[in-house]
Every structure is written in structure tokens, then in C-alpha cells.
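The values are calculated or read from the model by the stated rules, or taken from the named source; none is laboratory data. Since the structure is predicted, the reported quantities are computational estimates derived from the model, not experimental observations. For neighbour counting, all protein chains shown are included, and Cβ atoms are generated from backbone atoms with ideal geometry for every residue, glycine included.
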């Protein structure tokens with residue numbers, strides 16, 4: 001009986017390995033640029049045609065290779081960076097697996113021209129489908145040039161999976177951007193079909209490179225972040241909550257200089273922005289994380305785009321703390337804050353709006369259900385900030401507060417503003433001890449489906465800590481015995497249903513702080529003043545005063561903006577004064 005198990009041919013093995021490393025032309029560009037960086041290059045040129053499907057050429061001025069190394073470079077598992085197993089856990093270079101060049105060569109025609117400083121003449125090695133076809137001397141400056149043509153010509157199925165020229169070029173451009181952001185001391189040029197589309201000179205200032213890659217408008221919306229402890233250091237830039245995108249394409253995270261897509265890192269970023277931006281929006285972040293090579297495993301994915309941390313929770317907590325602390329320190333637009341501060345200094349004024357009532361009440365003739373009470377926050381009240389510099393003029397549509405500011409006209413969404421104030425009050429109470437609850441004189445009955453009842457039971461302890469005492473009454477009926485004080489008098493059933501809907505939309509993936517913030521945001525939304533409620537002058541001033549004393553005062557807990565400003569130059573343009 002013949003054996004069913006056979007050893008694969010070397011040719012087929014090479015193509016399988018190539019499929020793991022080379023997904024598309026952008027994969028080739030990434031691997032070749034990493035080799036150029038490891039070679040100590042100060043200038044890297046990427047020249048492609050037809051989105052890389054016709055040809056890819058990467059040229060550098062690095063250390064180059066000797067003839068012997070050039071002949072071995074495209075052999076499988078040939079590398080200068082790993083000698084023993086321990087080296088895998090002390091990697092300081094980007095490339096190391098010895099798979100990139102042989103994998104690329106096995107699915108293309110590849111020409112390598114290189115010279116090191118010790119050689120008088122360079123060497124050219126030409127391969128077709130991985131097989132060495134020609135070796136000859138070649139004139140070459142110190143450095144290396146790798147040209148790849150007819151990518152996937154011998155694997156037509158994989159070639160058919162490539163997209164349009166525009167799509168493949170987009171992915172290549174993105175790879176070059178990723179590399180250029182992490183290596184500002186290297187000049188990068190990208191040429192497509194003979195036209196230079198990117199040329200960023202080397203610089204000692206990372207912010208200059210960020211502005212060149214992401215644009216001035218995006219750069220001006222970034223704030224620096226830095227964190228360091230005994231095991232991890234972090235530096236970079238993050239976007240203000242008002243600067244968001246519909247995709248995560250502007251999140252650039254690097255670990256020890258290597259661009260990675262790591263779930264732990266991304267989760268820490270998203271959680272830091274959780275109550276600051278809408279759920280369908282993504283922040284901007286360029287973060288460089290450095291830690292001992294012994295604390296990470298980079299050898300978990302053929303393309304090295306994924307890594308494994310020895311202590312994932314430690315990494316999560318460090319990044320989350322660094323970002324939240326920075327976002328807390330810049331609650332609004334820093335440029336506005338600086339302008340406001342300068343304005344009051346010029347006027348010789350210190351302090352803001354005087355003491356006013358902290359209670360939102362109805363206008364005459366309105367039915368009184370309850371008062372809208374603003375929180376008393378501990379700590380010294382900040383003066384001379386953005387909100388205390390505003391003078392309320394009135395309301396539009398009973399929804400937006402119109403204010404005069406030092407730079408122009410400011411509109412404030414009263415519901416979003418009050419929602420943020422209540423959210424911070426609830427979070428403040430929870431941090432001190434527990435959410436202040438209101439025991440209902442007449443407990444409220446709520447009917448729930450079996451699935452909803454299961455959720456209420458599963459989250460019972462968490463809800464109780466947040467002031468919601470809910471107990472099973474029998475069948476699918478639940479009794480609500482208490483609610484947070486800030487929502488007392490509101491529709492209890494609608495509050496419970498909204499909380500159930502929030503929990504159901506996330507399932508049991510929510511834990512700890514995530515549950516807390518999601519539920520608190522719903523409570524704050526139910527307790528906040530609604531649209532079409534007329535406010536007295538002192539009530540509008542009270543809202544501004546309380547916004548001044550809290551963190552993250554530029555967005556509501558759901559990420560919607562609290563204010564919008566029309567400055568004087570815009571007003572002048574509207575009225576054709578300029």
C-alpha cells in the first residue's frame with residue numbers, strides 16, 4: 001500500500017512560503033525598505049510602475065553587501081541577524097527571518113545590485129522564479145538596489161487577486177508613509193510611473209516628518225504625549241477629540257521602531273477615547289513604544305506585523321494612562337485656550353464669571369418635574385479658561401446657547417454640555433465611594449424579554465454599584481428599587497431599556513471600566529436638560545462655570561462636540577468685510 005503523505009518539492013515549498021510573506025506589491029516594498037533601514041541607509045528611493053505589478057525597485061545608500069553575501073541573501077533562511085535561538089528574543093533589527101528575499105525571488109524575476117565599501121566593484125545577481133540565472137560584476141555606488149519584475153507571474157491565481165493599479169499604489173504609498181514616520185533621519189522618495197509623488201528630506205525633528213506625511217491641518221490638531229516608567233517608554237502625538245476619521249488608517253503604532261497592528265495597543269488607544277468621540281469615528285495617533293526586546297516576541301507572524309507582549313495588561317495600562325492623562329490636560333482646543341489666556345492678560349483681568357446659581361429651573365409657566373442640579377466638584381476652581389471667558393447672549397431654538405467670546409461667536413449645545421457635566425459628576429461619585437442613589441418611593445415594574453432578563457441578571461452587581469438596584473420579581477418582570485439621583489424623576493422604564501440595549505449591543509465583551517462608562521453615559525443622557533428648554537441667564541452662566549471645572553469638556557460622553565466657534569475673520573468674510 002503506497003503512502004499518502006509525501007514531502008513537498010522545494011519549488012512548491014518556496015511558493016507556499018512566498019504566499020505567507022508576499023501578499024501584494026506593498027509587501028515587497030515593506031520587506032525591501034526594512035532591509036534598507038537595517039543596512040544603515042540615509043536615503044531610500046522606491047520606484048514603482050503600474051502599482052508595483054509591472055516593476056518595483058528599491059534603492060538605498062546603506063552598507064551594501066560583499067559578493068559572498070549577495071549570493072547567499074536570496075537563499076531560504078539565510079540571515080546575518082540570527083545565529084542562535086536566544087537572538088530571537090533580543091532583536092534590534094526590523095528584518096531577521098531570512099524569508100523575505102527568497103520568497104520575493106520565488107514569485108518574480110529579481111535583480112540585486114550591491115556593493116560594500118570594501119569592494120572596488122559591485123555585483124549583480126539575477127534570479128528567475130528563485131533560480132539563479134546570472135551573476136556578473138556591476139558598476140554600483142555603495143548600497144543596494146533590488147528590482148522586482150513580473151510579480152506573481154508563475155502563480156497566476158495569486159496575481160488575479162491583485163486589485164487595480166490605484167488600489168495597489170495606495171497600499172504601497174501607505175507602507176512608505178509608515179516607514180517614513182518612524183525614520184525621520186532617512187530621506188524617502190516614492191516614484192510612480194516616472195512621477196515623484198513623495199519626497200521627504202531627513203530631519204532631526206520628528207514633528208517635521210509628521211507634518212510632511214499627514215499634512216499641516218492634521219498636524220496642528222495633534223498634541224504631544226510622553227510616558228516613561230521602569231519597563232516601558234512612550235512618545236508621540238495623538239489627535240484632539242475633535243479631530244477624528246471614519247477609519248483607523250491614521251493610527252500608526254511602533255514597537256521598538258517596528259510598525260505593528262497589535263490588539264492590546266489598539267484597545268488601549270480606543271479605550272482612552274471611549275467617551276470622547278463617537279463610536280463610528282477613530283482617533284489619530286502616532287505612537288512610538290519602546291521596551292526591552294526580552295519583553296516581546298516578534299517571531300509570531302511571517303510578515304512581522306504582529307508581536308506578542310510578555311505582560312499585555314501592563315502595556316495596556318501604561319498606554320491608556322499616558323493618553324488619558326494627556327487628553328485630560330487638554331480638555332478643549334489648546335489654541336483657543338492660549339488665545340483666551342492672552343486676551344484676559346491684555347485686559348488685566350483675572351478670574352471669570354462670578355458665583356451664580358447652580359440649579360437649572362423652568363421658566364415661568366413651565367411644569368416642574370425636577371430641578372437640574374449641577375455638581376459640586378472638589379478642588380480649586382479654574383479661572384480664566386475657555387468657558388469662563390464666554391458671555392452668554394441667549395439661546396437659539398431653546399437648544400443652543402449663544403455666547404460672545406474673545407475670538408468671536410461660540411455656540412454651545414446645552415444638552416451635550418449638561419450631559420458631560422452629569423457624566424463627570426457620576427464618575428466622580430463612583431471614584432469617591434459610590435453613585436448617590438435615590439430610593440424610589442414606589443418601586444417601578446419593568447417587563448423584559450428572556451434575553452433582556454438574562455442581561456439584567458448577568459450585570460446585576462455592576463448596575464447596583466452605579467445606583468441601579470434591580471431585582472427579579474417573577475417571570476419576566478423586574479422591579480427597580482433605586483436609580484442614580486441625577487436621573488430621579490425621569491422615565492425609569494426607558495432608562496432601563498436603553499441600558500439593556502447598550503449591554504446587548506456589546507454582549508459580554510464589556511468588562512470593568514468599559515461597562516461603567518457605557519452605562520454612566522446613558523444615565524447622563526437621560527438626566528441632562530433636553531432641547532427646547534428655555535434657560536435663564538444665570539442658568540446658562542452656571543453651565544459655563546461647571547464646564548470650566550471638569551475634564552474632557554469639549555465633547556459629550558458619546559463624542560459629540562459641545563461647542564462650535566465662528567471667529568471674527570469668518571464673520572467678516574460672511575459679511576464681505578474682507
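Structure values in brief
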quantity: Checking residue 423 against (1) part of a helix (DSSP H, G or I); (2) in contact (Cβ under 8 Å) with a residue 24 or more places away in the chain; (3) over 27 Å from the mean Cα position of the chain (by Cα), the condition it does not meet; calculated: (3)
quantity: Selected residue (only one of 69, 60 is modelled with pLDDT of 95 or more, in the same structural domain as residue 148 (by TED's automatic domain parsing) and farther than 17 Å from residue 22 by Cβ); calculated: 60
quantity: Index of the failed condition, residue 287 passing every other in (1) surrounded by 21 or more Cβ atoms within 10 Å (Cβ to Cβ); (2) within 29 Å of residue 524 (Cα to Cα); (3) within 14 Å of the chain's Cα centre (by Cα); calculated: (2)
quantity: Any hit, the range 130-149, residues being buried (at least 20 other Cβ atoms within 10 Å of the Cβ), touching a helix residue (DSSP H, G or I) at 6+ places or on another chain (Cβ under 8 Å) and more than 21 Å from residue 48 (Cβ to Cβ); calculated: yes
quantity: Residues (surrounded by 14 or more Cβ atoms within 10 Å (Cβ to Cβ), more than 25 Å from residue 513 (Cβ to Cβ) and modelled with pLDDT under 85) located in the range 454-475; calculated: none
quantity: Selection from the range 458-490 of residues that are part of a strand (DSSP E or B), without any contact (Cβ under 8 Å) to a residue 24 or more places away in the chain and touching a strand residue (DSSP E or B) at 6+ places or on another chain (Cβ under 8 Å); calculated: 471, 472
quantity: Positions within the range 224-241 being within 13 Å of the chain's Cα centre (by Cα) and either over 11 Å from residue 285 (Cβ atoms) or assigned by TED's automatic domain parsing to the domain that holds residue 184 (or both), in sequence order; calculated: 240, 241
